[in-house]
Amino acid sequence: MTPVGERLEHAIESRTEIAQELEHAEAQPSSARKLGKTIFWLTITGISLYLVAPSLIETFGSWNELNKLSPAWLVAMAVLQALSLACVWALQRLALHRPAWPPVISSQLAGNALAKVAPGGGAMGAALQYRMLVQAGVPKPSVASGLTACNLLVFAVVLAMPVLAIPGMIRGGVSRDLLEIALVGLVVFAGLAVLGTVLIATDGPLAWVGRVIQRARNRLRRGAEPLRQLPQRLLRERDRIVGVLGPKWKRALASTIGRWVFDYATLLAALAAIGSHPRPSLVLLAFCGAQVLAQIPVTPGGLGFVEAGLTAMLTLAGVSAGNAVLATFAYRLVSYWLPLPFGLVAYGWHARRFAGGGVADGQLDADVVGKP
């Protein structure tokens, strides 16, 4: 398994690469280079999908078992995912200095959909959202810095979530109804809020985390080039986020936490709907592992890798093999597949609304234009 320090460094580099894509989104590569890049990613994606095909087939094969889930549970899961998306929209609007809601929502839905279907889609989705926001009249520097800060903050929070599971802070079985799921979500939200506030507001704890990870990684990989300056790098990335968000960082942190808590609650709801009740702390570890797998760029949105990994991790958490496959399918149905048609609709609406590329329809709110 990749050491934690190396994984964290790779994650930071991935966020930086997306930032570079945003900053150079309007630079058009040559046709030959673009074709070569497309062929390369299609080849990698095809090979990867072939390798994970058995897991995908097994997961998709459980579609005829969805009748085990009542329509009420499916609706509840869809609502939880809608709330997760609403938190993303609120976060991005804060980071972009509060433009109008419609272009933020439409560009996020379209960019997210492209990221889930295009090879190497993370950077492509970010570039599409960049272009759509600029077309709607949001200033280019605000878009590049704002979306970069959002990407860094969102991924940093999901990396911090497993800390809540280590001491077994959440005890008992998975909630049997939405009220209990809400209580579990509140515990996770409160824990992340405290942890995130400490790491953002003070240097010492974040630097200590960097030193611990750096020492552990260097001891495990004695033959590799030693990892250096990780604490300083973490502090720089933290300062970059705060520099973009300014005094709004607390609201941005709350929105980011809400994005993951509602997503996590969707998985809890899927498990509760089929009558499976492992400990939420173990489900949280499985959830966080699935989100890391989703960052694997060789398939769009981690397709195949997430299904295989989440099923395996839920089984390790005590869920029966059949229930793990069904819960994974239900969760991915509402979190991965359901948003795709909305992304296409959002792109079509945005193209019609801002066809002229003018600023009028996407004009920033007058009371915040020019504010840092």
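The values are calculated or read from the model by the stated rules, or taken from the named source; none is laboratory data. The structure displayed is predicted, hence computed values, not measured ones. Because the Cβ atoms are built from the backbone with ideal geometry, glycine has one as well, and the counts that use them run over all protein chains shown. Heavy atoms of the whole protein, side chains included, go into the accessibility calculation; ligands, DNA and RNA do not. Shrake-Rupley method; radii C 1.70, N 1.55, O 1.52, S 1.80 Å.
What to note about this one:
Yes/no per residue for (1) buried (at least 23 other Cβ atoms within 10 Å of the Cβ); (2) modelled with pLDDT under 90:
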site	(1), (2)
82	no, no
121	yes, yes
138	yes, no
146	yes, no
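- Residue 323 falls short on exactly one of the conditions (1) under 20 Å from residue 73 (Cβ atoms); (2) open to solvent by less than 10 Å² (accessible area, probe 1.4 Å), and that condition is (2).
- Verdict on residue 312 being part of a helix (DSSP H, G or I), open to solvent by 30 Å² or more (accessible area, probe 1.4 Å) and either aliphatic (A, V, I, L, M) or modelled with pLDDT under 85 (or both): yes
- Residue that is surrounded by fewer than 17 Cβ atoms within 10 Å (Cβ to Cβ), of a type in the set (Gly, Ala, Ser) and free of Cβ contacts under 8 Å to residues at least 12 places away in the same chain, where the choices are 246, 223: 223
- Looking only at residues of the range 285-305 that are of a type in the set (A, V, I, L, M, F, W, C) and out of contact with any Gly (no Cβ under 9 Å at 6 or more places or on another chain), we find that the one that is nearest to residue 324 (Cα to Cα) is 287.
- Boolean, residue 152 is surrounded by fewer than 24 Cβ atoms within 10 Å (Cβ to Cβ) and either in contact (Cβ under 8 Å) with a residue 24 or more places away in the chain or over 19 Å from residue 337 (Cα atoms) (or both): yes
- Answer from 254, 216 - the residue that is at pLDDT 90 or above, part of a helix (DSSP H, G or I) and among the small types (Gly, Ala, Ser): 254
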